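Visitor: Okay, handing you the structure first.
The values are calculated or read from the model by the stated rules, or taken from the named source; none is laboratory data. Because the structure is predicted, anything quoted here is derived from the model rather than measured. Note that each Cβ is placed from the backbone with ideal geometry, even for glycine, and that neighbours are counted across all protein chains shown.
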């Protein structure tokens, strides 16, 4: 699988850009703040319908415009599909496949499969549970695209139920207990149903991923303690032990429904939803200890890399070679981890890399180098391509390594 064409309009710092890409390695080099990361972010959004840097879509739209547009042509085993995605600053996003509009943007999931390595990955080990939930949800969206719909519906129900809980206590004190309870019953049923679907999908993917994480960590840190990953739910040990998958949805739904009944009075008192996949976490262990709080800096980086390497292997096992993207990662790694990552990614169908300076890239990585610059004008900044060359002797048949990019006035954006 590889991306053949990428076209952007008003995406972050790129007012307008068009790139023709090929299999093999493409390196985007430019100073921090010049917009190279935005290129990878646009492709990651096509693959997962979410950014790896922000939780909302607003920052993806160039300041002063109403919408960003990302068009990507993806080739996989001779089959070519073009995704056209419009990201609106306000309102629902829109998508089309081969110029045909789709009813829901999530219908594009699965067309592009990608794994992105980024400096922020350290938060997978050291950060809050939300970082780890985001990681697994991104992987689920690519492996089980239909499950992404359940997650979106769950988030909607969660917002509605949470809003009700915030006012439930006061409403009950005003004598509206019957109305509050009957409304909660409706939301509880939906939350349990959708929550069970989300949880079952996460459990199934984590159980598939686990052996790859252990193997990847052992290859990166052979003298360290063995690595372990497991899913931990707010619903308790019975759900933790579930193998997940569609066959387990009914059983998980029953457990969630019962838990919601048990904690209802506490939820009303606190005004928040205490049970469901939004409260779950991934357990990352080294030996007998959790990695968070006990792993050294080097062990934490090794674990973070292992999660991404394992994701690649899982997607490969599912029958698709994903596009691998490395966002300024080499600058964060020591010599040994740089070498191991370079070796692992050397067989990728397509490898896209960003770096602040070319010296951060191991000498073994050759291919096309695109230099990214920025123009400051009237207090705003926009990104441009200032160079495009072949380094080393990487070739892919008779294909030409060419690219085209144009830019208009843009707004300032972080790299």
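Visitor: Quick test of your reading of the structure: residue 329 fulfils all but one of (1) assigned by TED's automatic domain parsing to the domain that holds residue 5; (2) at pLDDT 95 or above. Name the failing condition by number.
Guide: (2)
Visitor: Right, something else. Using the structure shown, decide if residue 293 is more than 30 Å from residue 3 (Cα to Cα), free of Cβ contacts under 8 Å to residues at least 60 places away in the same chain and either in a strand (DSSP E or B) or touching a helix residue (DSSP H, G or I) at 6+ places or on another chain (Cβ under 8 Å) (or both).
Guide: no
Visitor: Continuing with the same structure: Would you confirm, using the coordinates I've provided, whether residue 46 is in a strand (DSSP E or B), over 28 Å from residue 379 (Cα atoms), modelled with pLDDT of 95 or more and in contact with a helix residue (DSSP H, G or I) (Cβ under 9 Å, 6 or more places away or on another chain)?
Guide: Taking the combined requirement at face value, the residue does not satisfy it.
Visitor: Additional query: Looking at (1) in contact with a helix residue (DSSP H, G or I) (Cβ under 6 Å, 6 or more places away or on another chain); (2) under 26 Å from residue 368 (Cα atoms), can you tell me which one residue 79 breaks?
Guide: (1)
Visitor: Further question: If you go through region 49-74 one residue at a time, how many are buried (at least 18 other Cβ atoms within 10 Å of the Cβ) and in contact with a strand residue (DSSP E or B) (Cβ under 6 Å, 6 or more places away or on another chain)?
Guide: Counting residues in region 49-74 that are buried (at least 18 other Cβ atoms within 10 Å of the Cβ) and in contact with a strand residue (DSSP E or B) (Cβ under 6 Å, 6 or more places away or on another chain) gives 13.
Visitor: Step by step: first the residues of region 1-41, then only those that are over 21 Å from the mean Cα position of the chain (by Cα) and part of a loop (DSSP other than H, G, I, E, B), then the one that is surrounded by the fewest Cβ atoms within 10 Å (Cβ to Cβ). Which residue is that?
Guide: For region 1-41, the residue satisfying everything is 32.
Visitor: If we keep just the residues of region 112-150 that are crowded, with 19+ Cβ neighbours inside 10 Å and over 13 Å from the mean Cα position of the chain (by Cα), which is farthest from residue 213 (Cα to Cα)?
Guide: Only one residue tops the list, namely 150.
Visitor: Select from region 162-180 the residues that are surrounded by 15 or more Cβ atoms within 10 Å (Cβ to Cβ) and at pLDDT 90 or above and write down the one among them that is nearest to residue 245 (Cα to Cα).
Guide: Ranking the candidates gives 162 first.
Visitor: Looking only at region 52-70, count every residue that is in contact with a helix residue (DSSP H, G or I) (Cβ under 9 Å, 6 or more places away or on another chain) and assigned to a strand (DSSP E or B) and tell me the total.
Guide: Within region 52-70, residues that are in contact with a helix residue (DSSP H, G or I) (Cβ under 9 Å, 6 or more places away or on another chain) and assigned to a strand (DSSP E or B) number 2.
Visitor: Moving to a separate point now. Residues to consider are 306, 300; find the one that is in contact with a helix residue (DSSP H, G or I) (Cβ under 6 Å, 6 or more places away or on another chain) and either over 18 Å from residue 128 (Cα atoms) or not assigned by TED's automatic domain parsing to the domain that holds residue 129 (or both). Steps first, answer last, please.
Guide: Working: 300 fails: either over 18 Å from residue 128 (Cα atoms) or not assigned by TED's automatic domain parsing to the domain that holds residue 129 (or both).
From the options 306, 300, the qualifying one is 306.
Visitor: Can you work out which of the residues in region 358-371 that are part of a loop (DSSP other than H, G, I, E, B) and in contact with a helix residue (DSSP H, G or I) (Cβ under 8 Å, 6 or more places away or on another chain) is surrounded by the most Cβ atoms within 10 Å (Cβ to Cβ)? Don't jump to the end; show me each part of the working.
Guide: As a first pass, look at region 358-371 and keep what is part of a loop (DSSP other than H, G, I, E, B): 361-366.
So of that shortlist, the ones also in contact with a helix residue (DSSP H, G or I) (Cβ under 8 Å, 6 or more places away or on another chain) come out as 361-362, 364-365.
Values: 361: 23, 362: 15, 364: 11, 365: 21.
Taking the candidates together, the pick is 361.
Visitor: Here's another thing I want to ask about it. Scan 224, 219 and give me the residue that is in the same structural domain as residue 253 (by TED's automatic domain parsing), over 28 Å from residue 150 (Cβ atoms), in contact (Cβ under 8 Å) with a residue 40 or more places away in the chain and surrounded by 16 or more Cβ atoms within 10 Å (Cβ to Cβ). Before you say what the answer is, go through the steps one by one.
Guide: Numbers: 219 fails: surrounded by 16 or more Cβ atoms within 10 Å (Cβ to Cβ).
Checking each option against the conditions leaves just 224.
Visitor: Something else about it: Kindly check whether there is at least one residue in region 261-283 that is surrounded by fewer than 20 Cβ atoms within 10 Å (Cβ to Cβ) and within 11 Å of residue 196 (Cβ to Cβ).
Guide: No, there is no match, as no residue in region 261-283 is surrounded by fewer than 20 Cβ atoms within 10 Å (Cβ to Cβ) and within 11 Å of residue 196 (Cβ to Cβ).
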